[in-house]
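For reference, the structure is listed below as structure tokens.
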Amino acid sequence: MPYSFAPFLALLISGVALGAPRPTIAQARTFLDDAEKQLLTLGVEAARADWVKSTYITDDTEILAAHADEKAINAGVVLAKEAAKFDGVPLPEDMARKMKLLKLSLTMATPANPKESEELTRIVAGMEGTYGKGKYCPQGQSKCLDLEDLSKIMANSRDPNRLLDSWRGWHAISPPIRQPFARFVELSNKGARELGFKDSGAMWREKYDMPPDAFAKEMDRLWDQVRPLYLALHTYVRSRLRENYGESVVPATGPIPAHLLGNMWAQSWENIYALVAPKETGVGYNLTEVLKSRQTEPKQMVRYGESFFTSLGFAPLPPTFWERSLFVKPTDHEVVCHASAWDIDTLDDLRIKMCIDITDEDFLVIHHELGHNFYQRAYKTQPLLFRDSANDGFHEAVGDTIALSVTPDYLVKIGLLAKAPDASKDIGLLLHKALEKIAFLPFGLLIDQWRWKVFSGEIKPEDYNKAWWELRLKYQGIAPPVGRTEADFDPAAKYHVAANVPYARYFLADILQFQFHRALAQAAGCTEPLNRCSIYGNKAAGDRLNAMLSMGTSRPWPDELQAIAGTKQMDATAILDYFAPLKIWLDEQNRGKTAGW
Ligand code: X8Z
Ligand code: ZN
């Protein structure tokens, strides 16, 4: 590293050193140019090491990646501290924004003590590795089950005992992460405090162009807007599950047991659609069956996604994307299967890493991942510090916005369906979407409610699991299917906790994608109900989207939201509009039933 932490820096951190001349704008420019060069070099090196580690988990790749990450993060920390010496210098707007981003760009701050910074990066690489290698080996069976196997059981089995067994099996991988996680909290808080933040959670909440407390309130406000719809969905699903599994398994008024919702974390429920589909209209069409019956290959699934983006006017993905991405789970070595999109050189070396399964769920996840890649490419001409999304919710929302345009009419257009179901099937389609998007909202909210409190010390290590289930109950109205104790560590059975990826972004994305979809549908001239609008092939919508994407993070997010949606406010009216007909239907179905838990 070309810069080593010097004692005199402490004097500079609080502003300008006594008696020292105020730095000039020219010095600030040189500092930012150098910072961008340094961060680019170290960032690319770290990205390559992380790619190899994630696609080939061994003790060695884990250590190499941890080293590269440590170098890059340490440099980021030093630069963030140095940036403070330009506080009070009247900088042009773009330079002032870069200084601010430099101070806020880290997800994790390493402490200045080299031993501690090494320990911290090793712990985080190790936790992700433990998660990635996690397996359940049922007694008396020769084959162990990984998360992909177990997720298939959660999605398809209707035998509560088998579901419970899989749920328990997966949740047994995370207790070994408890001790390292508690140490990680200590060390990453130490790093955040050295940068002047209260703790790591406060550092995360600072990133949203508004005071951190105002951001937490903003999340609550959005949740209050959508909560009645979630409650209606919860009440309806609980009663249908009760019809199916009986009263000994599903209570009439209490929380829903977490193993019955078609997903390991009960975070989205579309896999149980057939169990809860409207009795009068049936299930409509089944994209999984269509894709399977045509023997669609993983690569072809990705091609479908790419061709949506090119229909909007985006250039096709580069050949290296197809050569370097990981689409299929290897059989001879361990990988982190959790889907992700990569931008190795922040220019053209785009990739996805995903263990693709031929299902409707993965069809949509592919659009999600490609949304990241097309965003990355759209902002690549920005200076390095602006090569990011308006806020992290925007990054998560882009691909999902496109996926909202995967309507039956669209599937007919691309030849995957022979005929679109008529309007009588709309309630079924909306219910399917709600199981995906509305069920997700409280989950998207609670993960960081838990983590923020863990970082602040309000939740202590001895209460980690208890506090987790209190939040799951409070927001989602779900309960663990078997007794839990502090010998368990259920939060780390979720990827983003084990891998230290912030989660509020997905809650924001869930709201934002409907705002984007409504605005783009309007730009495309769609006058139908929002669930029937698809922007496929519409260049006007593509241009509107690209105008926002290509800004990167050069402007505060409210300005960028204005550019695409004509408003500076995140707002749940779009998601509520989209599901309005379903809400009426759910309220009818729920008449006479008690809502809540
Ligand atoms: O992690 C993801 C993406 C990668 S950014 C696959 N998602 C969250 C999750 O799986 O928990 C997308 C939706 C929420
Ligand atoms: Zn994502």
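The values are calculated or read from the model by the stated rules, or taken from the named source; none is laboratory data. Model, not experiment: these values are computed from the prediction. Neighbour counts are summed over all protein chains in view; Cβ atoms, including those assigned to glycine, are modelled from backbone coordinates with ideal geometry. Remember, those area values only see protein heavy atoms, side chains included, never the ligands or the DNA or RNA. Shrake-Rupley method; radii C 1.70, N 1.55, O 1.52, S 1.80 Å.
Of the residues VAL283, VAL482, VAL454, ranked by 1.4 Å probe accessible area with the largest first, the sequence reads VAL283, VAL482, VAL454.
Solvent-accessible surface of the stretch 84-207, averaged per residue with a 1.4 angstrom probe and all protein chains in place: 44 square angstrom. Surface calculation, 1.4 Å probe, protein heavy atoms: HIS432 sits at approximately 50 Å² accessible.
Return one number: the angle in degrees, 0 to 90 and rounded to the nearest 10, between the long axis of the Cα atoms of helix 160-171 and the longest principal axis of the Cα atoms of the chain. Rounded to the nearest ten degrees, it is 10. Each Lys and Arg adds +1 at its Cβ and each Asp and Glu adds -1 at its Cβ; summed about the Cα centre, the chain shows a dipole of about 620 debye.
The mean accessible area for residues of the stretch 256-351, using a 1.4 Å probe and ignoring ligands and nucleic acids, is 40 Å² per residue. Look at the Cα gyration tensor of the stretch 196-319: its axes a ≥ b ≥ c give a/c of at least 1.5 with a/b at or below b/c, and that counts as oblate.
Excluding same-chain neighbours fewer than eight residues apart, the lysines reachable from LYS81 by a Cα-Cα span under 27 Å are LYS37, LYS71, LYS98, LYS100, LYS103, LYS115, LYS190, LYS198, LYS207, LYS380, LYS453. Summary of packing: across the peptides 383-395, 155-167, the per-residue average of other C-beta atoms within 10 Å ranks them, highest first, as 383-395, 155-167. Residues whose amide H lies under 5 Å from that of ILE256, counting only those 5 or more places away or on a different chain, are ILE478, ALA479; hydrogens are built 1.01 Å from N in the peptide plane.
Note on the chain: helix-only mean residue ellipticity at 222 nm, from DSSP H runs of 4+ residues weighted -39500 (n - 2.57) and normalised by residue number, equals -18000 deg cm²/dmol. Rolled with a 1.4 Å probe across the full set of protein chains, the surface gives GLU247 an accessible area near 140 Å².
Within the shell defined by Cβ-Cβ distances under 12 Å, the residues around ASP94 carry a net charge of +4, with Lys and Arg each +1 and Asp and Glu each -1. Quick one: which of LYS152/LYS583; LYS133/LYS474; LYS292/LYS433; LYS217/LYS279 span more than 28 angstrom between C-alpha atoms? Where the Cα-Cα span goes over 28 Å, the pairs concerned are LYS152/LYS583; LYS133/LYS474; LYS217/LYS279.
Please pull out the direction-averaged projected area of the stretch 280-416, using the convex hull of its alpha-carbon atoms, in nm² to one decimal place.
Spelled out: convex hull of the Cα atoms, projected over all directions, averaged, 10.1 nm².
Per-residue SASA remark: ILE427, around 40 Å² accessible (1.4 Å probe; ligands, DNA and RNA not included). If you count the DSSP beta bridges with both ends in the chain, what percent of them are antiparallel, to the nearest 5? If I count the DSSP bridges inside the chain, around 65 percent turn out antiparallel. Cysteine residues of the chain whose C-beta has no other cysteine C-beta under 4.7 angstrom do not occur.
Between 0 and 90 degrees, the angle of helix 59-83 with respect to the longest Cα principal axis of the chain falls at about 60 degrees.
Alpha carbon centre of the stretch 45-90 versus the stretch 461-530: separation in Å? First find each Cα centre; the distance between them is then 27 Å.
Once a ≥ b ≥ c are taken as the square roots of the eigenvalues of the Cα gyration tensor of the stretch 401-509, is the result rounded (a/c under 1.5), prolate (a/b larger than b/c) or oblate (a/b not larger than b/c)? Prolate.
Using only Cα atoms, tell me the angle between helix 178-194 and the longest principal axis of the chain; keep it within 0 to 90° and round to the nearest 10. Between the helix axis and the principal axis of the chain, the angle is about 40 degrees.
Go through GLU62, GLU206, GLU186 and list them by solvent-accessible area, largest first, probe radius 1.4 Å.
If we order GLU62, GLU206, GLU186 from most to least accessible, we get GLU186, GLU206, GLU62.
Surface exposure of the stretch 504-597, expressed per residue as accessible area with a 1.4 Å probe, stands at 39 Å².
Dipole magnitude for the stretch 71-191: about 80 debye, using +1 per Lys or Arg Cβ and -1 per Asp or Glu Cβ, origin at the Cα centre.
The accessible surface of the chain, taken with every protein chain in place and a 1.4 Å probe, is 53 percent carbon and sulfur.
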